[in-house]
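Reviewing the structure listed below.
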Ligand SMILES: CC(C)(COP(=O)(O)OP(=O)(O)OC[C@H]1O[C@@H](n2cnc3c(N)ncnc32)[C@H](O)[C@@H]1OP(=O)(O)O)[C@@H](O)C(=O)NCCC(=O)NCCS
């Protein structure tokens, strides 16, 4: 297949700004957040970003939230409940959005559209996911059970990692890319080791702390309505950092069993299954200026494209090409890339296709180390990128993800302080 997109969506925004963003620590599957619904993780992140940004909840005009798997029976009201319990006025509408692993980016696209079209000045976006609380579901029993009939429970998490159209799993789509791009197991393990090492370095340097709010046992109250709560697993009373990153030299990763015979993907070089939420405030320039806010980034443009389902992981390549072509930019002008690490071979294939410099890619670690709570990931990548651009005194950054089923999505950010930072550093 060609990684060039013939069709796709592209939007440029003149005046859409990322004011601030925060996330919860990402917790391993069946770990600290096992009993917490994605709604409550989302409320936690939303309250935290409102508090830190200084944007009054009363100023929010629109709530947009996404979560792929239903973590409880009330997913229909996800965005509504996040908005209400974050303190947003009762009269403000709320929208649920899903674009699988691209959901977090889609939230920014939707917010950008709402602001550009004049529907809203200030939007609260929240991506949240509990991989742990994926249901074990039975779909076909509305008509009742005949005595002795097979009861067809299915594991939502396991089944959703397969795309029934090509009849293969997500890691198998990465195996297809490994074959196509000649990527070896040793190269994938080397990449995964780097993701863990960078995540640990970023933690030790305090980078992750700057975008993370600790999660503690807590009750969310809302006058006249039922309390909601966060209850961490076991005796834990607070989680302050991501649980998955660990020292992972290639020599250790090399000992792990491949997921498929002769394949390159293992449990160590695929994204970790994790739970978490990330929230951000997006506004017009007029709102930011009037409130004296210092936006972290300008959201310049977004692109989303389709690719063949059997190589879904290549999606970021044509999405980034479309994004940059339409913005009149090229890869050399992009200071930093954040591309979701669904699988090691997948991100290496994108890197090769676009001829990316690894020193500018996922420099604070990626989902192999941190985990990939599907709908939260795009928000995490965007807020990480905005902060990293500042740290590295860069002007432009691109954040992107592949999407199961065969799509790619990408956002272009501009650092509003790039000129001043470069002058200061000169
Ligand atoms: C790949 C996958 C199936 C592995 O699931 P799993 O088998 O439950 O994974 P585990 O975390 O138990 O890891 C498997 C083994 O590798 C080990 N391991 C994982 N990461 C490691 C590391 N960094 N260093 C050392 N060992 C590691 C684990 O300890 C475990 O060892 P054990 O079997 O002795 O207990 C799962 O993570 C997955 O599906 N990931 C991709 C998700 C995905 O595709 N998302 C959507 C993108 S489109």
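All of the numbers you see were taken from the coordinates with simple rules; none came from a lab. Quantities reported herein were computed from a predicted structural model and do not represent experimental measurements. FYI the Cβ positions are ideal-geometry reconstructions off the backbone, even for glycines, and counts take in every protein chain you see.
Would you confirm whether any residue within the stretch 215-226 is within 16 Å of the ligand (Cβ to nearest atom), over 18 Å from residue 364 (Cα atoms) and loosely packed, with under 13 Cβ neighbours inside 10 Å? No, the stretch 215-226 contains no residue that is within 16 Å of the ligand (Cβ to nearest atom), over 18 Å from residue 364 (Cα atoms) and loosely packed, with under 13 Cβ neighbours inside 10 Å. Looking across the stretch 150-160, the residues that are surrounded by 10 or more Cβ atoms within 10 Å (Cβ to Cβ), more than 10 Å from the ligand (Cβ to nearest atom) and free of Cβ contacts under 8 Å to residues at least 40 places away in the same chain come down to 152, 153, 154, 155, 159.
Filtering the stretch 161-199 to residues that are within 11 Å of the ligand (Cβ to nearest atom) and assigned to a helix (DSSP H, G or I) leaves 170, 171, 172, 173, 174, 189, 192, 193, 195, 196, 197, 199. If you go through the stretch 17-37 and pick out every residue that is farther than 29 Å from residue 282 by Cβ and more than 16 Å from the ligand (Cβ to nearest atom), you end up with 1. Of all residues in the stretch 203-246, those that are in a loop (DSSP other than H, G, I, E, B) and either closer than 19 Å to residue 275 by Cα or in contact (Cβ under 8 Å) with a residue 12 or more places away in the chain (or both) total 20. The single condition among (1) part of a strand (DSSP E or B); (2) surrounded by fewer than 22 Cβ atoms within 10 Å (Cβ to Cβ); (3) within 16 Å of the ligand (Cβ to nearest atom) that residue 298 does not satisfy is (3).
Flag: residue 234 does not match the condition of being over 22 Å from residue 85 (Cα atoms), more than 16 Å from the ligand (Cβ to nearest atom) and within 21 Å of the chain's Cα centre (by Cα). Among the residues making up the stretch 310-339, those that are within 16 Å of the ligand (Cβ to nearest atom), closer than 14 Å to residue 411 by Cβ and part of a helix (DSSP H, G or I) are 316, 319. Just to verify a result, which residue in the stretch 200-210, among those that are surrounded by fewer than 18 Cβ atoms within 10 Å (Cβ to Cβ) and over 17 Å from residue 248 (Cβ atoms), is nearest to the ligand (Cβ to nearest atom)? Looking at the filtered set, the residue picked out is 205. Every condition in (1) outside any loop (DSSP other than H, G, I, E, B); (2) over 25 Å from the mean Cα position of the chain (by Cα) is met by residue 127 except one, and the failing one is (2). Looking across 252, 264, one residue alone is within 16 Å of the ligand (Cβ to nearest atom) and surrounded by 16 or more Cβ atoms within 10 Å (Cβ to Cβ). It is 264.
Answer yes if at least one residue in the stretch 91-110 is more than 16 Å from the ligand (Cβ to nearest atom), out of contact with any strand residue (DSSP E or B) (no Cβ under 7 Å at 6 or more places or on another chain) and assigned to a loop (DSSP other than H, G, I, E, B), and no otherwise. Checking the stretch 91-110: at least one residue is more than 16 Å from the ligand (Cβ to nearest atom), out of contact with any strand residue (DSSP E or B) (no Cβ under 7 Å at 6 or more places or on another chain) and assigned to a loop (DSSP other than H, G, I, E, B).
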